[in-house]
Structures are given as C-alpha cells and as structure tokens.
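The values are calculated or read from the model by the stated rules, or taken from the named source; none is laboratory data. Nothing here was measured: the structure is a model prediction, and the numbers come from that model. Virtual Cβ from ideal backbone geometry, glycine too; neighbours counted across all protein chains shown. Surface accessibility is based on the protein's heavy atoms, side chains included, excluding ligands, DNA and RNA. Shrake-Rupley method; radii C 1.70, N 1.55, O 1.52, S 1.80 Å.
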Amino acid sequence: MPEPLGLRIAGTGRAVPERVLTNQYFAERMDTTDDWIRTRTGIIERRVVSEGESTATLATAAAQEAISDAGLVAKDIGLIIVATATPECFFPSTACFVQDALGVGPTPAFDLSAACSGWIYAFLTGAHMLQSGHFRNILVIGAETMSRIVDYEDRATCILFGDGAGAAVLSATPDTSGPCVLHQELAANFSGMSLLSIPAGGSRLPASHMTIDERLHYLKMQGREVYKLAVKKNFEMVDSTLAQAGISAEDIAVVIPHQSNLRIVESARQRLGLAPEQMFTNIHKYGNTSSASVPMGLDECRKTGRVKSGDLVLMVAFGAGFTWGSALVRL
Ligand code: UT7
C-alpha cells in the first residue's frame, strides 16, 4: 500500500442559497407527489439560487467560511481548486472567479471536472500537491448550481437536484502519524455517457436552434440504471477500503457518501453492517448537490461535533462519466 499522505483538514465551510423548493412546489406543477419523492429519494426540500447568485458566489461564501475556520486569511492560500459540473462559463474557470472575489492576488487557480465525484478528485489532487512541498495551504471547493442545468419539465430528474457549495482548507503536516490520507481510490469508466450526460453545449454538439428545441442542454439521466451502479460502487468502495487499509467497519467514525438518493446510501450501509450513526445523510434538506455534497457533509460533521480530531472518516462518491472515488482520512 502507498505511504499515507500527511495533511490536516484545517478548516471547512459551506454555503447554500436562501430559496427553498419543497416537494410540494413540484407536486403543484407536474405529475408527482411529496410522498413519491420522499419514499423514492429521501428528499424533502432543496435549495436553489436566485438571480444574481451563481456557482462562484456560493463557492466564494463556502471558501471564506473555510479560511476563517482554519484561522487563516485569504492571502495564506497557495492554490485554489474548484470541482464543478456547473461552472460560471467555459472560461475563465470558476476558480479564477473565486480567486478574484477572495482578493488573493496571483494565486494559481483551476477547475476540475468529474461530476458528482469531483470533490473527491479535487481533494486528492490537492493532497498530492501539498505533498510536493510547494504549497502550505490549499483551498478545495465543490460548488454547483444544478438548478441551472436540470430540466424543470422532466419530473424524473428535476426533483432530485439542489444547489450548494462546500470547501476545505488542506494544510501541510510534517509527519503522517497524525492527520493524513490513509487510503484513496479514483476511477473512471466512459460507459456512463449514454446514461448520464448533458448532450449539447460543448464542442461535440455546439448550441444551435436544434439543440435548444430538443432540450439537449439539460441533464439527461437513465435513473434506474445509474441507481443500480451507484449502489454497487458505494458498497465496493467502502468494502475495499476497509480491506486494504486493514481496518474494520467499527473503526470508522463516519462514512460521508455523495448524497444521490437515500435508498442508495441506506442499501450500502445495511450491506456493510454499519450503524445508522456511522453513515452521514443530509439529502432530506439539500437534495443531490453533485460535487458539493461531500464537502458540505464534511463541514456539517465537523461543525456539529459528529467527528473530532483523530477520527477515521471515509468519503465516497459516484457520478457521471462514470467517475468514482474514495478517500479515507484521519482527522
Ligand atoms: O448523482 C449522480 C448519481 N445519481 C444517482 O445516483 C441517481 C440514481 N437514480 C435514482 O435515484 C432513482 O432511479 C430515481 C429517484 C431517479 C428514480 O427512482 P426509481 O425507483 O428508480 O424509479 P424509476 O425510474 O424506475 O421509475 C418508476 C416510475 C416510472 O413510472 P412507470 O414507468 O412505472 O409507470 C416513472 O415514470 O416512477 C415514475 N416517476 C415518477 N413518478 C412520480 C419518475 N419520476 C417520478 C416523479 N414522480 N418525480
């Protein structure tokens, strides 16, 4: 097994828009019910941006909270990585918008695209950059405005997604006997293209009257097929992490999974024999916020005292691509 990566999650933050969409909002506008949404997904409400808000405004708010939580100021940040599937625009990157809003000068900044697994990819990228010795503090953000890419005429997808951002400041540590990344996994498999994608708007199928008429700029998902794979991958990632790290389920303080569907999370928990308090969920209040869901969960666990220094925390995510990844950290 590779050497652990020494790093400390020095601070975390999260931000969600004020506007709430309840299940009733959808029930009044399309052929669905509060009961269907609750029982099939676990979602009760989600947050969505209003005019003037965007991925970068949420990302910046979460970043400011994380920096302050770490006891730092913006100028202490040496690198900004933003995981997002809903960037401000093709370019400049959302990370450049955040850099400007934070007022940190010429700090390097870039976006990372891995859909719902994006923050795990960004977190591990940041961890390896820290290990290079060139940076002391790295800001890793997951931020999404899913409400800007879901089709509010498609009842099978629009009820699932919400907006939000989560951020963490990773700081270098001198040794690996304290806080560190103990185990990691990253993977991708292009088979996801036909099951979960936004078909148009990129170089493959640029915007045209046809793409707009056919609603091809919206997220398209074959939910049932994605569901089956998500259940399988969530289970496999936790199971293989336990085996490869040489630990048992009881050693984990909490698993923070991507919040895609309560039934997906619950099915993995039961198969793994984890206690309910060992599996974090907050999908009931935010829905699926794609790359933001894991860092938002991490922040909530830290701020509510659900995890403490020295605890083992396992973060896992599966999403479009397909991409998937996990990171086992000692806080
Ligand atoms: O974050 C990236 C990863 N994303 C995920 O992992 C999401 C994975 N998928 C899911 O969470 C679930 O598949 C859904 C929640 C999207 C759908 O739940 P399901 O139990 O898989 O339902 P289904 O797609 O098999 O559809 C069952 C029925 C269908 O009607 P018929 O064909 O049986 O008559 C759908 O048309 O439910 C219908 N349906 C709805 N009914 C009421 C689909 N959406 C709705 C709705 N309200 N909003």
- Message: Please verify whether residue 39 is out of contact with any helix residue (DSSP H, G or I) (no Cβ under 7 Å at 6 or more places or on another chain), polar (S, T, N, Q) and more than 20 Å from residue 13 (Cβ to Cβ), treating the condition exactly as stated.
- Response: yes
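Yes/no matrix, rows are residues, columns are (1) of a type in the set (Val, Ile, Thr); (2) touching a helix residue (DSSP H, G or I) at 6+ places or on another chain (Cβ under 9 Å); (3) under 20 Å from residue 172 (Cβ atoms); (4) away from the ligand (no atom under 16 Å from the Cβ):
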{"position": "21", "(1), (2), (3), (4)": "no, yes, no, no"}
{"position": "47", "(1), (2), (3), (4)": "no, yes, no, yes"}
{"position": "59", "(1), (2), (3), (4)": "no, yes, no, yes"}
{"position": "107", "(1), (2), (3), (4)": "yes, yes, yes, yes"}
{"position": "132", "(1), (2), (3), (4)": "no, no, yes, yes"}
- Filter segment 70-89 down to residues that are more than 20 Å from the chain's Cα centre (by Cα) and open to solvent by 40 Å² or more (accessible area, probe 1.4 Å), then give me how many there are. 5
- Note on segment 207-229: residues out of contact with any helix residue (DSSP H, G or I) (no Cβ under 9 Å at 6 or more places or on another chain), in a helix (DSSP H, G or I) and open to solvent by less than 70 Å² (accessible area, probe 1.4 Å) are 211
- Residue list for segment 1-23, restricted to those being touching a Ser or Thr at 6+ places or on another chain (Cβ under 9 Å), modelled with pLDDT of 95 or more and open to solvent by 60 Å² or more (accessible area, probe 1.4 Å): 8, 18, 19
- Could you tell me whether segment 28-36 includes any residue that is away from the ligand (no atom under 14 Å from the Cβ) and touching a residue at least 24 places away in the same chain (Cβ under 8 Å)? no
- Message: When the residues of segment 151-187 are narrowed to those that are more than 23 Å from residue 79 (Cα to Cα) and under 17 Å from the mean Cα position of the chain (by Cα), which ends up nearest to the ligand (Cβ to nearest atom)?
- Response: 160
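A quick yes/no check of all residues on (1) more than 29 Å from residue 61 (Cα to Cα); (2) open to solvent by less than 30 Å² (accessible area, probe 1.4 Å); (3) among the β-branched types (Val, Ile, Thr):
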residue	(1), (2), (3)
135	no, no, no
142	no, yes, no
151	no, yes, no
163	no, yes, no
170	no, yes, no
175	yes, no, no
192	yes, yes, no
- Message: Looking for something closer than 30 Å to residue 181 by Cα, among the acidic types (Asp, Glu) and touching a residue at least 60 places away in the same chain (Cβ under 8 Å) - is there at least one such residue anywhere in segment 44-60?
- Response: no
- Message: Looking for something part of a loop (DSSP other than H, G, I, E, B), in the same structural domain as residue 147 (by TED's automatic domain parsing) and touching a residue at least 60 places away in the same chain (Cβ under 8 Å) - is there at least one such residue anywhere in segment 92-104?
- Response: no
- Regarding residue 277, is this residue of a type outside the set (Gly, Ala, Ser), more than 12 Å from the ligand (Cβ to nearest atom), within 14 Å of the chain's Cα centre (by Cα) and surrounded by fewer than 22 Cβ atoms within 10 Å (Cβ to Cβ)? no
- Does residue 110 satisfy being in a strand (DSSP E or B) and surrounded by fewer than 22 Cβ atoms within 10 Å (Cβ to Cβ)? yes
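What do you reckon, is residue 265 more than 14 Å from the ligand (Cβ to nearest atom), under 27 Å from residue 85 (Cα atoms) and surrounded by 15 or more Cβ atoms within 10 Å (Cβ to Cβ)? Give the derivation first.
On the way: more than 14 Å from the ligand (Cβ to nearest atom): no; under 27 Å from residue 85 (Cα atoms): yes; surrounded by 15 or more Cβ atoms within 10 Å (Cβ to Cβ): yes.
No, not satisfied.
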